[in-house]
Every structure is written in C-alpha cells, then in structure tokens.
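Below: the structure, in structure tokens.
Please treat every number below as a calculation from the coordinates, not as lab data. Keep in mind the model is a prediction, meaning the values are calculated, not measured. Cβ atoms come from the backbone with ideal geometry, glycine included; neighbour counts cover every protein chain shown.
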Amino acid sequence: MLEARLEQAQILKKVVEAIKDLVQDCNFDCNDAGIQLQAMDNSHVALVSMKLGSEGFSPYRCDRNIALGINLNSLMKVLRAAANEDLLTLKAEDQPDSLNLLFESSSQDRLSEYDIKLMDIDQEHLGIPDTEYAATITLPSAEFQRICRDLSALSESVSIEANKDGVKFACSGDIGNGSVTLRPHTNVEDEDKSTKIELTEPVNLTFSLKYLVNFCKASSLSATVRLCLSNEVPLLVEYQMGAGYLRFYLAPKIGD
Amino acid sequence: EQGQLEIVQFFKSL
C-alpha cells in the first residue's frame, strides 16, 4: 500500500495548479523512491515531468509500484479544501479504486478526509535522454514569468538567443516588436535574484509563448527557474522543489 | 500552429 505524508499541502496544490491546464488526466506513479508523473499535453508539443522524492515525505511507505490514474481537475477540487499549511496524507491500496486524502490542521484540531475515484489511464511513456545543454540560464522565476507575459501580449512566439553577453528574449507581432535582454549578474544579498548563464555554444531557438506562459504557473514553487537550451532540441524549464522537481519540455518552432 | 514541432519527434517512446 501507499502511505505518504507531506508536511505542507501547498506543495501538491501548487504542482497540480501549475499543470492542470496542460494535462487533464495522468498517472501518478508511486514506488519506493517516491511519486513521479510524466504526461504530454493534448497537442503533443509539451511534456510535464514531476518528481516528489520519498525523502520529501514523512513517513513514506510504498510496498509495490502503484499507478494512480487521476483527473487533475477532480484532484484540484479536493485539494482546494486543504489549507496551505495542512499536513497532507495520501493513502491507497495496492490495487486501488480510489485515493484517500487526509488534511490535518494542527492549529485548529481539524481533520478532513476525502476519497477520489481513480481511472485506468493508458499513457504513452517517453524516454528523455540525458542531455548536455549548450546553454543553461538560471533566473528569478518571477522575472521569467514577467518576460513571457509581457511578450505574449505582442506575439505568439518568442526567440530565445543566448550568447556570452547575455540572453535575449525577442518577439515580433502585428502591432510591433519587443525584446528583453538579461545580462548575467550576482545579487550578493539574495542569491535567488541573480541571473546565471552557463554557455558552451551560442543558441537561438523559437518557442510558443502560450506554452511558456502556462509553465510559469509553477513560479510559486520556486524563487528561481532553470532554462536549458540546445539548438534543435526541446527547451527544458525546471522548477526545483525541496525533494524533487517540476520540469516542462517544449518542442521548438521552426521557420515562419 | 505553423512550424510547431511535436515533442515525440525528440523523445523515444518506451
């Protein structure tokens, strides 16, 4: 059986909130290493990959591999009943029909318990190769969110060009064009506000802003975001969580 | 969308 307790319900709430508009139904794959999820969006343009390692739970017990097929809108309806600071315990049998969620508020002596029905989901699983990216950019997640939001008002697409001088996000639309250039800098008072660029070769790729804006819904999970780029391969957008990560892969656009 | 590649073109189906 599965029994996994999170110190704060908000971790799962934020993950589900961030991905529910990209993915409707998906399997949460549970094993002794933790809980993982991989799912493509309906258009097969983006891939979501999430890991919550067993060390992020206390206690964590999972005797055998269990796939929890869940409708994310249903899960979100239940998770909205949990306060951010509640303890959240997930429980399921070895061959479950439902997932049990228990929310505990220590301050109010309140216990809430919900069961949601599970579904059989036959999902295509993709193997993601280990990639040495040509450019890795670490920047404040709020900064990336702002850039995507501002440029999406002008255009459907953004080019991301990274070279030794910095990273330039540029777009062109019917009303005009715009760009934001970030140069590497270190904030000595708050490391999370720094921008770092690691580069082995210059890259220039174009992506759909609609998807990037969607990925930025994960910004509350982490103060920083990592963008990994290589020419002609999908962009990796990564938000680190305490004992895991939420990753988005986005296929590039080509031509006009 | 025009010119949009699919993710499955890059990652192997398991």
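Things to note:
- Just one residue in the set A:D150, A:D174 is surrounded by 11 or more Cβ atoms within 10 Å (Cβ to Cβ) and closer than 18 Å to A:K210 by Cα; that residue is A:D150.
- Summed over the stretch A:236-256, residues that are touching a Gly at 6+ places or on another chain (Cβ under 8 Å) and within 11 Å of chain B (Cβ to nearest Cβ) total 4.
- None of A:K91, A:K117 is more than 19 Å from A:G244 (Cα to Cα), crowded, with 18+ Cβ neighbours inside 10 Å and not hydrophobic (A, V, I, L, M, F, W, C) except A:K91.
- Filtered residues of the stretch A:9-68 (kept if basic (K, R) and surrounded by fewer than 16 Cβ atoms within 10 Å (Cβ to Cβ)): A:R61, A:R64
- Within this structure, A:N84 fails the test of being closer than 30 Å to A:V233 by Cβ, of a type in the set (S, T, N, Q) and surrounded by fewer than 17 Cβ atoms within 10 Å (Cβ to Cβ).
- When the residues of the stretch A:210-235 are filtered to those that are within 16 Å of A:V45 (Cβ to Cβ) and within 11 Å of chain B (Cβ to nearest Cβ), the one that is surrounded by the most Cβ atoms within 10 Å (Cβ to Cβ) is A:P234.
- Residue within the stretch A:16-39 that is farther than 28 Å from A:Y249 by Cα and in contact with a strand residue (DSSP E or B) (Cβ under 9 Å, 6 or more places away or on another chain) present: no
- If the condition is being assigned to a loop (DSSP other than H, G, I, E, B) and within 13 Å of A:F248 (Cβ to Cβ), then the stretch A:201-227 contributes only A:S222.
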